[in-house]
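Bear in mind these aren't lab numbers, they're just calculated from the coordinates by the rules spelled out. Note that the structure is a prediction, hence the values are computed from the model and not measured. Don't worry about glycine lacking a Cβ; one is built from the backbone with ideal geometry, like all the others, and counts go over all protein chains shown.
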Amino acid sequence: METPLIRINEAGSQDLVFVSQFYSGLLVSYVGRVLHVIPQMTFSLMARIIELQTNSLKELPTRLDKDALKTFSQLSTRFEVFFFFLPKLIQTFIDFVLV
């Protein structure tokens, strides 16, 4: 973003202030969008994880036959929580913070 400003400054143009304000406005707009999207996406994913953990996942009984373990494991719900939402949450942070 500073390359146009360097060239304008080298040329000695009077437009340096206006171009600088333009690019500053673009930067402020971008940062505002990023800072708005991250919490919104993060908290919506966290709400979904909490909903799955509190409402969908049932507690495991203290005594359980080995044959009934597969039915109580709720693999599809656990897969959705731990292998879909958490990596997506991490990827969201990486995409918006490091760009």
At 0.692 mPa s and 37 °C, Stokes D of the chain from Kirkwood alpha-carbon radius, µm² per second: 184
Expressed in nanometres to one decimal, the distance between label points 7 Å along Cα→Cβ at Phe79 and Gln91 is 1.7
Just to be sure I understand the model, the point goes 7 Å from the Cα along the line to the Cβ. What's the resulting Leu64 to Leu27 distance in nm? 5.4
For the chain, what does the relative contact order come out to in percent, with C-alpha contacts under 8 Å and a separation of six or more? 31
In degrees, nearest 10, range 0 to 90: what is the angle between the Cα axis of helix 16-51 and the longest Cα principal axis of the chain? 0
Which residue fluctuates the most in the chain, going by a Gaussian network model with Cα springs under 10 Å, if the choices are Leu57, Leu26, Leu69? Leu69
State which stretch of the chain is the longest one without any exposed GluC sites (Glu not before Pro), exposure meaning a DSSP loop state and at most 11 other Cβ atoms within 10 Å. 3-58
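Tell me the trypsin sites (Lys or Arg not before Pro) within the chain that lie in a loop according to DSSP and have at most 11 other beta-carbon atoms within 10 Å. Each step should come with its number before you reach the end.
Details: sites: Arg7, Arg33, Arg48, Lys58, Arg63, Lys66, Lys70, Arg78, Lys88; in loops: Lys58, Arg63.
Here the trypsin sites (Lys or Arg not before Pro) that fit, given the DSSP loop and packing criteria, are Lys58, Arg63.
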